[in-house]
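Some notes on the structure that comes next.
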Amino acid sequence: MNNRVEEPAFLPDDRMTALRSRWEEIQAGFVDDPRGAVRDAHATVAALVDELTETFSRERAMLEEQWSANREPDTESLRVTLQRYRSFLGKLLGSTSPVEEPAKT
């Protein structure tokens with residue numbers, strides 16, 4: 001049985017669509033301005049990395065806030081957060097294996 005999990009998106013769908021469109025523009029611009037295309041690619045990737053860092057920092061801060069107030073985040077919130085970290089790390093490491101849901105106890 002394949003327990004493939006639908007991964008939560010790192011960014012909202014409209015932002016992901018805008019980034020894909022921007023990337024297509026950058027690639028199309030390479031023919032006329034290779035240097036400019038590489039410069040734009042660098043700026044786009046740098047902005048995305050900053051945005052992802054901000055997203056994960058915000059999520060971590062919310063969890064830490066709950067822990068510091070002696071409240072425990074619910075298990076579902078922790079599970080989703082761990083899935084997002086696992087997926088992000090897998091993408092950074094070039095993992096192609098499917099993300100499987102952890103065994104439920």
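Read-outs: derived from the displayed coordinates by stated rules, not from any lab. What you see is a predicted model; the values in this text were computed from it and never measured. Glycine also receives a Cβ, built like all others from the backbone with ideal geometry; neighbour counts cover every protein chain displayed.
Quick rundown of the values:
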{"item": "Gain in span if fully extended, Gln27 to Arg86, counting 0.36 nm per residue against the direct Cα distance", "result": "18.3 nm"}
{"item": "Net charge contributed by nearby residues that have their C-beta within less than 14 Å of Arg39 (K/R +1, D/E -1)", "result": "-2"}
{"item": "Rounded FRET efficiency, nearest 0.05, which uses the C-beta distance separating Glu64 from Asp13 and R0 of 25 Å", "result": "0.35"}
{"item": "Neighbourhood net charge (15 Å Cβ-Cβ; Lys/Arg +1, Asp/Glu -1) for Ala61", "result": "0"}
